[in-house]
1. Please go through (1) at pLDDT 80 or above; (2) of a type in the set (K, R); (3) surrounded by fewer than 12 Cβ atoms within 10 Å (Cβ to Cβ) for R20 and return the number of the only condition it doesn't satisfy.
2. Here is a check on your reading of the model: is I57 part of a strand (DSSP E or B) and surrounded by 11 or more Cβ atoms within 10 Å (Cβ to Cβ)?
3. Of everything in the range 65-87 that's within 30 Å of L108 (Cβ to Cβ) and at pLDDT 90 or above, which residue is surrounded by the most Cβ atoms within 10 Å (Cβ to Cβ)?
Amino acid sequence: MANIKALRFSYYLIAMINLRNLDPKQINRMMSKLGIKSTELDAKRVIIELEDKEIIIEEPQINVVDFQGQKTYTIMGNPKEEEKISEEDIKLVMEQTNVSRKKAIAALKKNKNDIAAAIIELKGEEY
């Protein structure tokens, strides 16, 4: 039975791709008949954390499709990538320069996570 539903779903998706002129309400009705729920999320930002960087999408358009209890999230927007800054690096810069967390992060970002350069820059502001 599950294979039949999956096959019907595949045919349905092919039909949807070929019928792009359909009204969104018609598409939602067709999806509802197949047990597929589609909703939009109102989000301000999406952050995808990778090992060494983050992908940040501001003001994304997010669509959630629920099919047989499985949710699929589709995210559209303009991504920007930022290198991840480790908590240890932030604390070290803060301790060595007696600056706020915000200033330490800004200095690390400006110096591409080079701890020594960030510390020298922040200490240079004191003199």
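The values are calculated or read from the model by the stated rules, or taken from the named source; none is laboratory data. If you're wondering where the values come from, they're calculated on a predicted model, not measured in any experiment. Cβ atoms come from the backbone with ideal geometry, glycine included; neighbour counts cover every protein chain shown.
1. Only one criterion in (1) at pLDDT 80 or above; (2) of a type in the set (K, R); (3) surrounded by fewer than 12 Cβ atoms within 10 Å (Cβ to Cβ) is unmet by R20, namely (1).
2. yes
3. I85
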